[in-house]
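Presented below is the structure to which this report refers.
Derivation of every value follows stated rules applied to the coordinates shown; laboratory data play no part. Quick caveat: nothing in here was measured; it's all calculated off a predicted structure. Note that we place each Cβ from the backbone using ideal geometry, even for glycine, and neighbour counts take in every protein chain shown.
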Amino acid sequence: MHRMKQFILALAFDSLCHVASAASNPLSVHVLNLQDGLPSSEVVVTLEKLSDDRWLLINTASTDAQGRIAALFPANAKFEAGTYRVTFKTGKWFAEHKQTSFFPEIPVIFAADGSVPHYHVPLLLSPYGYSTYRGN
């Protein structure tokens, strides 16, 4: 019983640390597949920032089992106001799931003015359409 309590406490502590780390990160994304209503895991996502009319790559990551990347912005970098592009590499994801898709990738460009400490970009995905919005 004592080991079970230790395990539960360790699991709770790990979850709290993950939430705290994600909460301190200025950018997260979430991908849900509208076709089956389930999260889309292993979607590759890139983050770029517009600088002098060029896109500079900042980070690349893949969604987790819940379809999330809780901390897309690099932990060692300073988040600055500006124009950012999050690109979801959906063509590869659909191909790996043996489905056809009209959109090989979905770029979402947004302006971060620094008025909020965290930006969230959800993507609702289907093979022939998508929707996105500013989340929280």
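Observations, loosely collected:
- Gain in span if fully extended, Gln66 to Ser51, counting 0.36 nm per residue against the direct Cα distance: 2.2 nm
- Assigned charges on the beta-carbon of Lys, Arg, Asp, Glu; the stretch 41-136 dipole about Cα centre (debye): 140
- Distant-in-sequence amide H partners of Leu27 (H built 1.01 Å from N, under 5 Å): Leu72, Phe73, Tyr119
- Cut-off 13 Å between beta-carbons: net charge of the residues surrounding Ile106, Lys and Arg +1, Asp and Glu -1: +2
- Under the Karplus curve 6.51 cos²θ - 1.76 cosθ + 1.60, θ = phi - 60°, whole-Hz ³J(HN,Hα) for the stretch 105-119, x wherever Gly or Pro sits: 7, 10, x, 10, 9, 9, 9, 9, 8, x, 6, 10, x, 9, 10
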